[in-house]
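**Student:** Sharing a structure, written as structure tokens. Questions coming.
Please treat every number below as a calculation from the coordinates, not as lab data. Note that this is a predicted model, so its numbers are computed, not measured. Here the Cβ is made from the backbone with ideal geometry for all residues, glycine too, and neighbour counts use every protein chain on show.
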Amino acid sequence: MNTSEYKRVVQELCKVVGFDSPKTLLDGGRLRIDDYLVALIYDESFDPDLLQVYIDMGPLPDNRADVYKTFLMINFKLNASQRGSLGVHPQTGHLFYSFRYRLDQQASGQALLDSLIRFVGDVGLETLATV
């Protein structure tokens, strides 16, 4: 794949969610979906077939030890099923969920949005089940 596939998927995503500036995302901007900020990182020289998706899920709760234990358990499940991972941003301290989105013939803006909704929902459900 190449940059044109990435651009196509981003343009379709923007159309589906009603965001009028795909160029903003293509230039490194973020998209707000509900309470989450979504960043799409594409590096054709690193892996032209994958898009890295980062979702800022907000600040961590105060009970850090319990939270970290919960996130490690969730990461174990996510890693086993290759659905992404949770991490803490080194500068903001916010919880981030990230996953890779394959840029293939099935890739589309709607499919990416569906993945965002499904994966964020799964992480939320697993958090509730573990806490």
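**Student:** State to the nearest 20 debye the size of the charge dipole of the stretch 3-130 about its Cα centre, where the only charges are +1 on K and R beta carbons and -1 on D and E beta carbons.
**Tutor:** I would put it at about 100 debye.
**Student:** Given that just one value was derived from the coordinates, which of [x] 15.9; [y] 18.3; [z] 15.4 is Kirkwood radius over Cα pairs in Å?
**Tutor:** It is the one labelled [z].
**Student:** Work out the count of Lys pairs in the chain where the Cα-Cα distance is under 30 Å, with the pair 8 or more places apart or on different chains.
**Tutor:** 4
**Student:** Between residue 114 and residue 69, how high is the FRET efficiency from 1/(1 + (r/R0)^6) when r is the Cβ-Cβ distance and R₀ = 41 Å? Nearest 0.05.
**Tutor:** The calculated FRET efficiency here is 0.85.
**Student:** Please give the Cα centre distance for the stretch 7-28 versus the stretch 83-118, rounded to the nearest Å.
**Tutor:** 15 Å
**Student:** In nm, to one decimal, how far is the modelled label at residue 17 from the one at residue 33, with both set 7 Å along Cα→Cβ?
**Tutor:** 0.6 nm
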